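Okay, so here's the structure we're looking at.
The values are calculated or read from the model by the stated rules, or taken from the named source; none is laboratory data. These numbers come from a predicted model, not from an experiment. Ideal geometry is used to build each Cβ from the backbone, glycine not excepted, and the neighbour counts take in all protein chains shown. Heads up: the accessible areas ignore ligands, DNA and RNA and are worked out on the full protein's heavy atoms, side chains in. Shrake-Rupley method; radii C 1.70, N 1.55, O 1.52, S 1.80 Å.
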Amino acid sequence: MRRITIPRPDDWHVHLRDGAALAAVAPFTARRFGRAIVMPNLRPPITTTEAARAYRHRILAALPPASGFEPLMTLYLTESTTPEEIARAKASGIVHGVKLYPAGATTHSDAGVADVDRTFAALERMAEVGLPLLVHGETPDPAVDPFDREARFLDDVLAPLAARFASLRIVVEHITTRHAVDFVRSARAGVAATITPQHLLHNRGALFAGGLRPHYYCLPVLKREADRCALVEAATGGESRFFLGTDSAPHERATKESACGCAGMFTAHAAIELYAEVFEAAGRLDRLAGFASRFGAEFYGLEPHRETLTLVEAPWTVPDRYAFGDGQLVPYRAGETVRWRIEAESGA
Ligand code: DOR
Ligand code: ZN
């Protein structure tokens, strides 16, 4: 039975929701990760430092007092975000990034940015104070094929933006294509990317395996096998620009199993275990610690954890459902097997 011990990992991109949904999912993340970059796409979105502070308290209140988990808050960038708000966010010490959602690109992105030029004053201040820009990198243009939306956004919007704000630190969130891997690899210093477990484990065939599979639908959508292979190479290659971000995004069962199902896959219940499968299959378990526990912390200017997490190769079956407020949550791989489990955690 194989075992691997790594410094406690962090999740550099997660959706924790709010209210009863938050209480249902936050413990899964806190069990595995020491910290997480928490997405701000609530309704209404988290657009101010004050709202981020209140949300942070609600997250901590949803967890046992001794969890030790640290939520790293983000602001939702709008065309009205002021440089003063950016300065306040940085000074707060609790906000670690600002998220750019192109308006209409994904779940709860309608308050996002239609014209990126109108955010330049905020971006300039972010570059000045050292607050990273976290990007949902897809054009929302319905005329662009859904499978090309990432490439189009990176080339048309993000490349000029990264050049214009040369000291702005940028995370291209949840990259899904070979094109994005190449884009990030060849970008200037200060540009990095997160990669989800589902984009490492599946290609778009999963959406159509024997019928339409709503629980494999997320945005950006799963891509081709060649893209998946490029992502695996990037994640397991020991390159510090690529690090862990699950994009775990829970939705109540009926809103996914629907004529117009929501985008988002819930993976927090097995997140680090799933990455271990990917690194194992690539024969690179030795590089899991860099991807999961070091490179993201380095990018965000934080220390890696001194505590450790031990994973053991001991298959377990994922439940069919978890409780989710008044409803239910269908976890990724419901009723199927995950090969690794958490064996032990140590203190520092
Ligand atoms: O699949 C997704 N779900 N992609 C996103 O960008 C948002 C997320 C959500 O909030 O549900
Ligand atoms: Zn997300």
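Okay, here's what the table says:
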read-out	value
Count of residues meeting criterion [hydrophobic (A, V, I, L, M, F, W, C) and over 17 Å from the mean Cα position of the chain (by Cα)] in the range 36-58	3
Subset of the range 221-242 that is of a type in the set (A, V, I, L, M) and not in a loop (DSSP other than H, G, I, E, B) - its residue that is surrounded by the fewest Cβ atoms within 10 Å (Cβ to Cβ)	ALA226
Qualifying residue in the range 160-168 (condition: closer than 24 Å to LEU274 by Cα and not aromatic (Phe, Trp, Tyr))	no
Residue satisfying condition, being without any contact (Cβ under 8 Å) to a residue 40 or more places away in the chain and either away from ligand 1 (no atom under 16 Å from the Cβ) or open to solvent by 50 Å² or more (accessible area, probe 1.4 Å) (or both), within set ARG56, ARG31	ARG56
Strands (runs of 3 or more DSSP E) wholly inside the range 60-135 that include at least 3 residues being within 28 Å of GLU298 (Cα to Cα), open to solvent by 50 Å² or more (accessible area, probe 1.4 Å) and among the hydrophobic types (A, V, I, L, M, F, W, C)	none
Residue list for the range 136-158, filter: within 15 Å of ligand 1 (Cβ to nearest atom), over 19 Å from PRO40 (Cβ atoms) and either at pLDDT below 95 or crowded, with 18+ Cβ neighbours inside 10 Å (or both)	THR139, ARG149, GLU150, PHE153
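To keep it simple, each residue is scored yes or no on (1) in contact with an Asp or Glu (Cβ under 6 Å, 6 or more places away or on another chain); (2) farther than 23 Å from PRO132 by Cβ; (3) away from ligand 2 (no atom under 16 Å from the Cβ).
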position	(1), (2), (3)
PRO7	no, no, yes
LEU16	no, no, no
VAL25	no, yes, no
PHE33	yes, no, no
PRO40	no, no, no
ILE46	no, no, no
ARG58	no, yes, yes
